[in-house]
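Pasting a structure below so you can have a look.
The values are calculated or read from the model by the stated rules, or taken from the named source; none is laboratory data. Because the structure is predicted, anything quoted here is derived from the model rather than measured. So basically every Cβ, Gly included, is an ideal-geometry build from the backbone, and we count neighbours across all protein chains shown. Ligands, DNA and RNA are stripped out before the accessible areas are found, and what is left, the full protein with its side chains, is counted by its heavy atoms. Shrake-Rupley method; radii C 1.70, N 1.55, O 1.52, S 1.80 Å.
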Amino acid sequence: MKRIMVRCALGCFLAVLCGGRMAAHVGSPDVYAEGSAGPYKLFVVVRPPLVIPGVAEIEVRSSTPGVDRITVAPIPLAGEASKHPPVPDAMAKPSGDEQFFTGHLWIMQPGSWQVRFAVSGNQGSGVLSIPVAATAMGTRQMQSGLGTLLAGLGILLVVGMVGIVGAAAREAQTPPGESVSPKSRKRAYVAMAIAFSLLVLCLVLGRKWWNAEAADYASNIYKPLEMRATLAAGNVLDLQMIDPGWLRMRKLDDFVLDHNHLMHLYAIRWPGMDVVFHLHPEMVGTGEFRLPLPSMPAGNYHLYADVVHANGFPETLVTSVTLPEIRGRALTGDDAEGTPGANAQTHAVYKLPDGYSMQWKRPSALAAKSPQEFAFQLLDPQGQPAKDMALYMGMVGHAAFVKSDGTVFAHIHPAGTVAMAALMMAEAQNGAGGMAGMDMSAGSTIPSTVSFPYGFPSAGNYRIFVQMKHGNVVETGTFDAVVDE
Ligand SMILES: [Cu+2]
């Protein structure tokens, strides 16, 4: 506890010095998620703290009316501590909007967390848990103005202290009205020298303490898993994970299935983003995955590999590889390919090679950091909603949001930015709630429209790859988005 308090104090004090965010995805730290807390459908945004320990900002909008009260609690996603939730905090209604709630939560440790929402209202109560992978991401320098101010105040304190000690030693025993004796004067100099030495010693030790705490904090700063990609004989792509050293909890052999696969690999030809593959390498050893490549055009590919650890902590590994033209196998199973080519799709309708088309119900404006629904519909060659819809890896659709400068990659589902494997762990603990897009029982018709909750992390140019399945065909629609500040 003492250690936590010290960290906490340091964390607060360093608030302006450090940066933090959630892991998984690349450059897209905020969590956007949609799900059901009992009868209430919620759109949740969790904005990560600047430091760990730090405060996560939370927004909830209920699209079901009648919500009276929402409480939130941070709970580890796995392990013994997940069974002992802390006392929850009530969310506030900051505006006249009856359906909009805000709150904040302290996240005390980096790792795999869930935020549990307990909702009550005129239709009863319900619970929804949203996984949050919390990491401290970096350290910034102290602002020079603040540094100068603190140094000045420090010098003032030292000089003041030495002055007080000197005055006390010199004059405390001198009767009023008498002049100070040379002996007292000498004693004062000795006392001031000793006081000064002690203060310098304190400063040196304090500096040591500060550096030790800073180093301890630095060891918690997230270092993403690295990956090396090589083309082996027989058109096999070999992916070797490298752990640059981070928390001891991280292992390279504890991955769990996330919507049917241990790894989801997006290979995007760069810089044009004109070819995209969504593939699923198999694990062949600790931290090593392999994939027989399908036929692919030559080029430099950015590789984004999504994995989820056993405790629900998701990571996205990034690397690039230059490939010659590959004459490999045909696409099978859950493989998918999209080749938008040079015809950048800024339009609302994307024509697919087999006569189908995908339509984006494009919002009138796209702004950074603003939570939005991204809805896409699959149309058959007659322009009617596709009737032979199928689930693709258990869901109506999958989307990848990629920024043209390579700084953002986010693999999103109808339930949002959270890793599906982590979400299912959280759901299992609640025994209630529901995931958007995954709650289809057998026999019900699969809709031809899919909707993703998301918010762009920053302004700029993005390409959105949307995948939906009909019959045995996985379609990849491509849409470009220009996002304003
Ligand atoms: Cu997916």
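Restricting attention to strands (runs of 3 or more DSSP E) lying wholly within region 175-271, give those where 1 or more residues are touching a Gly at 6+ places or on another chain (Cβ under 6 Å), at pLDDT 90 or above and of a type in the set (Lys, Arg).
Correct list: 264-270.
Can you tell me which residue is most open to solvent (accessible area, probe 1.4 Å) among those in region 388-401 that are within 14 Å of the ligand (Cβ to nearest atom) and of a type in the set (A, V, I, L, M, F, W, C)?
The selected residue is LEU391.
Answer yes or no as to whether VAL318 is open to solvent by 60 Å² or more (accessible area, probe 1.4 Å), under 24 Å from the mean Cα position of the chain (by Cα) and within 16 Å of HIS25 (Cα to Cα).
yes
When the residues of region 231-280 are narrowed to those that are farther than 16 Å from PRO314 by Cβ and among the β-branched types (Val, Ile, Thr), which ends up nearest to the ligand (Cβ to nearest atom)?
Taking the candidates together, the pick is VAL276.
Tell me which residues, restricted to region 302-312, are away from the ligand (no atom under 16 Å from the Cβ) and not small (Gly, Ala, Ser).
HIS302, HIS309, ASN311, listed by residue number.
Based on what the data block shows, is GLY299 open to solvent by 10 Å² or more (accessible area, probe 1.4 Å) and either more than 22 Å from ARG250 (Cβ to Cβ) or more than 16 Å from the ligand (Cβ to nearest atom) (or both)?
In short, yes.
Is it true that ILE130 is surrounded by 11 or more Cβ atoms within 10 Å (Cβ to Cβ) and either farther than 30 Å from LEU225 by Cβ or among the β-branched types (Val, Ile, Thr) (or both)?
Yes, satisfied.
Filter region 38-49 for residues that are more than 19 Å from SER112 (Cα to Cα) and at pLDDT 90 or above and give the result.
Matches in region 38-49: PRO39, TYR40, LYS41, LEU42, PHE43.
Which residues, counting only those in region 132-147, are under 20 Å from LEU77 (Cα atoms) and either touching a Ser or Thr at 6+ places or on another chain (Cβ under 7 Å) or at pLDDT 90 or above (or both)?
Within region 132-147, just ALA133 meets the criteria.
Considering every residue within region 281-288, establish whether at least one is touching a residue at least 12 places away in the same chain (Cβ under 8 Å), within 16 Å of the ligand (Cβ to nearest atom) and closer than 29 Å to ALA375 by Cβ.
Checked region 281-288: no residue is touching a residue at least 12 places away in the same chain (Cβ under 8 Å), within 16 Å of the ligand (Cβ to nearest atom) and closer than 29 Å to ALA375 by Cβ.
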